Structure formats: structure tokens, C-alpha cells
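The values are calculated or read from the model by the stated rules, or taken from the named source; none is laboratory data. Everything numeric here is computed off the predicted structure, so don't read it as measured data. Cβ placement follows ideal geometry from the backbone for every residue including glycine, while neighbour counts extend to all protein chains displayed.
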Amino acid sequence: MVVPDQPLLPGEEAPGAEFERKADEIVGQYPASRRSAALPLLHLWQKEFGFLSQRAVEWISERLGLQPIHILELITFYPMLRIRPGGRINFKVCRTLSCALAGSHELFAQIRDRCGATASAGHGIYLSPDGTYSVEFVECLALCGSAPAMMVDEEEFERATIGTVDRILAESLGSGASHGEGKG
Ligand code: FES
């Protein structure tokens, strides 16, 4: 049996009508195998609620007629799926070959230092003590020609350096959440 390295949080999320509509749309795209809809549904849930709770596992498994363990297996396998809330500002650093060779692991360590993201939130996510920042590795972001690549929330940054990070942090402190133009 595959289980996460930390227990899932209970979660009090209540999917609304729009969420249900999107979920139905996704499930409808896989008429031959509802199981194939599991990963897209997990992404949908995480995008909506920020992380995957116990309730997410129950809701998705019921929706697809699967055992909860089948959903847990996916959560355990894919590093981009999180079982704890991320920070208000979330750094995702690519750790795949091109980016690793271009220094993404060093950049990851520098970001953690800058943000004070020392507390493990499980599943490879590090959080700052006040929960403002989270830092995690992800697999290839399809920006290999401009390594090292990272994302900050939904925004992509190519040829990222600690200078890029400092600018993002300075802007986030000044504006509350915005972090600039991206792609640079
Ligand atoms: S290897 Fe990092 S974006 Fe592809």
C-alpha cells in the first residue's frame, strides 16, 4: 500500500457548481477509462483549493468509482501534487537534466535561504515560518533551452538567477503579491 510520508489534512473544501462542471467536462473526455481522468481532476482540485486533502481523495475516488488508494498512489508519485498548503508565493524550480546542469539545485538552495523556507511541509515542499513562501522542485517545465527555469505561482522565468529571485521578493514585499514580468 502506498501512503504519503505525512497524513493528509482533512480539508473542508466544498466544490461549487463551476468546479463540478469542470470536473464533469474532464471526466467526459475519457469515456473509455474514467481512471484516466484522475490526474486531471487532481490538478483541478489543487488549482482550486491549493492542495490535496483527504476530502480531495474521497471526492475524486467516488467520482471515478475507484478505491482511494488509486488516488493516493498518484499523489505519492507526482511531485507537483501537494498534500499541504503552499506559501502565498510558491517557487517551483526545475530539477531535470538541462536545468540541473545549469545550476538549478544551487538556485533551489539559494531560494530556500532567501525565503527562510526551512520547514518541510512534506512531499518535498519547504515553507517559510510565516507561510508566505514555499519552495519545491518540479520536473521539466519545457523551457530547457533557457535553463535554469522556474515558475513563481503561474508565471515562468527563464535563465533564472538569484538576482531574479531577489527582484521577485522585493516586488512581492512592495506590492503584496505581484512578481514582475516573468520570462526573464
Ligand atoms: S530541463 Fe528544466 S525546463 Fe526542461
Considering residues that are within 18 Å of the chain's Cα centre (by Cα) and either β-branched (Val, Ile, Thr) or farther than 26 Å from Leu52 by Cα (or both), the number found within segment 108-122 is 2
Return the residues of segment 135-174 that are within 17 Å of Gly86 (Cα to Cα), of a type outside the set (A, V, I, L, M) and out of contact with any helix residue (DSSP H, G or I) (no Cβ under 8 Å at 6 or more places or on another chain); say none if nothing qualifies. Glu136, Asp153, Glu154, Glu155, Ser172
Looking only at segment 101-145, which residues are away from the ligand (no atom under 16 Å from the Cβ), modelled with pLDDT under 95 and acidic (Asp, Glu)? Asp130
Pick from segment 146-158 the residues that are more than 8 Å from the ligand (Cβ to nearest atom) and in contact (Cβ under 8 Å) with a residue 40 or more places away in the chain: which of them is surrounded by the fewest Cβ atoms within 10 Å (Cβ to Cβ)? Asp153
Would you pick out the residues in segment 65-88 that are in a helix (DSSP H, G or I) and buried (at least 21 other Cβ atoms within 10 Å of the Cβ)? Ile71, Ile75
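Here's the yes/no breakdown for (1) of a type in the set (A, V, I, L, M); (2) farther than 23 Å from Ile125 by Cβ; (3) out of contact with any Leu (no Cβ under 9 Å at 6 or more places or on another chain):
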residue	(1), (2), (3)
Ala23	yes, yes, no
Val57	yes, no, no
Thr76	no, no, yes
Ala100	yes, no, yes
Between a residue in segment 98-119 that is among the β-branched types (Val, Ile, Thr) and any residue that is part of a helix (DSSP H, G or I) and buried (at least 16 other Cβ atoms within 10 Å of the Cβ), which pairs come within a Cβ distance under 7 Å, given they are 6 or more apart or on different chains? Ile111/Val165; Thr118/Arg112
One residue from Phe91, Phe51 being surrounded by 15 or more Cβ atoms within 10 Å (Cβ to Cβ) and in contact with a strand residue (DSSP E or B) (Cβ under 8 Å, 6 or more places away or on another chain): Phe91
